[in-house]
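Shown next, in structure tokens, is the structure this report addresses.
The values are calculated or read from the model by the stated rules, or taken from the named source; none is laboratory data. Note that the structure is predicted; figures quoted are calculated from it, not measured. Here Cβ is always computed from backbone atoms with ideal geometry, including for glycine, and neighbour counts include all displayed protein chains. Just so you know, the surface numbers come from the protein's heavy atoms only, side chains and all, with ligands and any DNA or RNA stripped out. Shrake-Rupley method; radii C 1.70, N 1.55, O 1.52, S 1.80 Å.
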Amino acid sequence: MVYAADCADTVLLELRKHLPKYYGVWSPPTAPNDVYLKLEDVTHKFNKPCIMDVKIGRKSYDPFASSEKIQQQVSKYPLMEEIGFLVLGMRVYHVHSDSYETQNQHYGRSLTKETLKEGVSKFFHNGFCLRKDAIAASIQKVEKILQWFESQKQLNFYASSLLFVYEGSSQPATTKSNDRTLAGKFLSKGHLSDADALECNNNYHLFGSPANGTSVGKSLSKVYARHRKLYSKKHHSQTSLKVETLEQDNGWKSMSQEHLNGNVLSQLEKVFYHLPAGPQEITEVEVRMIDFAHVFPSNTVDEGYVYGLKHLIAVLRSILDS
């Protein structure tokens with residue numbers, strides 16, 4: 001067993017790195033004969049955890065499944081064999097409303113080959129911008145799991161999932177933001193400090209609907225120009241973090257001619273409070289393998305799981321590059 005204290009199998013020991021930690025077994029007082037594994041709560045260290053469960057593999061039924069079981073599983077998501085994975089659900093934190101958006105298994109089963117990319121990207125969008133930092137970190141985690149599967153031939157997994165978790169807020173649970181602190185600094189001085197730079201994973205997005213109220217267009221332009229100067233100076237060697245100047249220049253040029261609505265202070269406070277401080281900030285992400293009820297001995301590479309992982313990585317890369 002992978003969690004056995006005396007386990008010496010190097011393949012299983014390597015697998016442990018991709019699983020929730022094991023804390024022994026537990027039986028409820030009312031049913032002492034029922035034994036459960038006590039596993040780590042992967043979300044425990046996150047303040048605003050964004051969670052997605054993705055079933056991996058071309059088949060969600062094991063080799064010993066009855067014909068009825070096979071038919072039942074295939075009918076749930078006929079595209080499983082072609083796509084290689086299925087989104088079972090997600091919970092995404094939206095910074096502007098300080099609330100979560102949830103999607104259940106019906107959402108994942110509604111995704112087609114044409115809508116799959118958009119459907120998965122929904123998990124990484126916080127209501128204001130695409131969290132490309134979380135996507136990049138997730139790809140690295142999934143690639144390590146893929147390396148393990150390509151290196152072993154003793155286990156095949158069926159109906160198993162990957163649990164994705166990333167931090168929806170850049171602030172630790174113990175930190176509280178002073179009312180209007182960042183927004184006040186922003187509006188009064190027309191710029192932010194290096195740590196407060198208006199940076200959302202290389203996507204500069206603010207609510208842009210014009211309305212009568214405080215004019216901050218010129219200040220926004222100053223922030224953007226200053227941030228680009230700092231960004232270029234400090235991170236010119238990081239090609240993966242280059243600013244896409246043409247599209248963003250046009251966006252900010254139009255913003256300088258508009259007015260934001262009267263509740264700009266509270267809106268900006270929410271945005272700044274939850275965005276990463278800068279491109280060098282380490283993104284907190286976990287990707288763990290869960291659900292092991294259908295794991296079987298084998299002497300071949302788990303081609304179905306490998307296929308699903310590769311396609312999932314391809315979709316994530318496509319979202320990151322778009």
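Observations on the model:
- Selection within the stretch 139-191 - modelled with pLDDT of 50 or more, among the basic types (Lys, Arg) and more than 26 Å from residue 321 (Cα to Cα): 153
- Members of the stretch 287-306 found to be of a type in the set (Gly, Ala, Ser) and either in contact with an Asp or Glu (Cβ under 7 Å, 6 or more places away or on another chain) or exposed (fewer than 14 other Cβ atoms within 10 Å of the Cβ) (or both), listed by number: 293
- The residue pairs whose first member lies in the stretch 116-140 and is at positive phi, whose second member is hydrophobic (A, V, I, L, M, F, W, C) and open to solvent by 40 Å² or more (accessible area, probe 1.4 Å), and whose beta carbons are closer than 9 Å, counting only pairs six or more residues apart or on different chains, do not exist in this structure.
- Residue within the stretch 126-140 that is farther than 13 Å from residue 50 by Cβ, over 18 Å from the mean Cα position of the chain (by Cα) and surrounded by 14 or more Cβ atoms within 10 Å (Cβ to Cβ) present: no
- Each residue in the stretch 142-154 was checked for being within 11 Å of residue 312 (Cβ to Cβ) and not β-branched (Val, Ile, Thr), and 2 pass.
- Some residue of the stretch 79-86 being exposed (fewer than 11 other Cβ atoms within 10 Å of the Cβ) and either part of a loop (DSSP other than H, G, I, E, B) or at positive phi (or both): no
- Restricting attention to the stretch 7-18, the residues that are of a type outside the set (Val, Ile, Thr) and part of a helix (DSSP H, G or I) add up to 5.
- In the stretch 298-318, the residues that are under 12 Å from residue 55 (Cα atoms) reach residues that are surrounded by 14 or more Cβ atoms within 10 Å (Cβ to Cβ) and hydrophobic (A, V, I, L, M, F, W, C) with C-beta atoms within less than 6 angstrom, at least six apart or across chains, in these pairs: 305/56; 305/149; 305/157; 308/56; 308/85; 309/146; 312/85.
- When the stretch 19-31 is limited to residues that are in a loop (DSSP other than H, G, I, E, B) and open to solvent by 90 Å² or more (accessible area, probe 1.4 Å), the one that is nearest to residue 74 (Cα to Cα) turns out to be 21.
- Any hit, the stretch 102-111, residues being closer than 28 Å to residue 15 by Cα, hydrophobic (A, V, I, L, M, F, W, C) and surrounded by fewer than 22 Cβ atoms within 10 Å (Cβ to Cβ): no
- Inter-residue pairs, beta-carbon under 8 Å, first touching a residue at least 24 places away in the same chain (Cβ under 8 Å) and in a helix (DSSP H, G or I) and in the stretch 142-165, second hydroxyl-bearing (Ser, Thr, Tyr) and surrounded by 19 or more Cβ atoms within 10 Å (Cβ to Cβ), 6+ apart: 149/305
- Residue 7 open to solvent by less than 50 Å² (accessible area, probe 1.4 Å) and touching a residue at least 60 places away in the same chain (Cβ under 8 Å): no
- Of all residues making up the stretch 33-75, the number that are outside any loop (DSSP other than H, G, I, E, B), open to solvent by 40 Å² or more (accessible area, probe 1.4 Å) and under 21 Å from residue 295 (Cα atoms): 11
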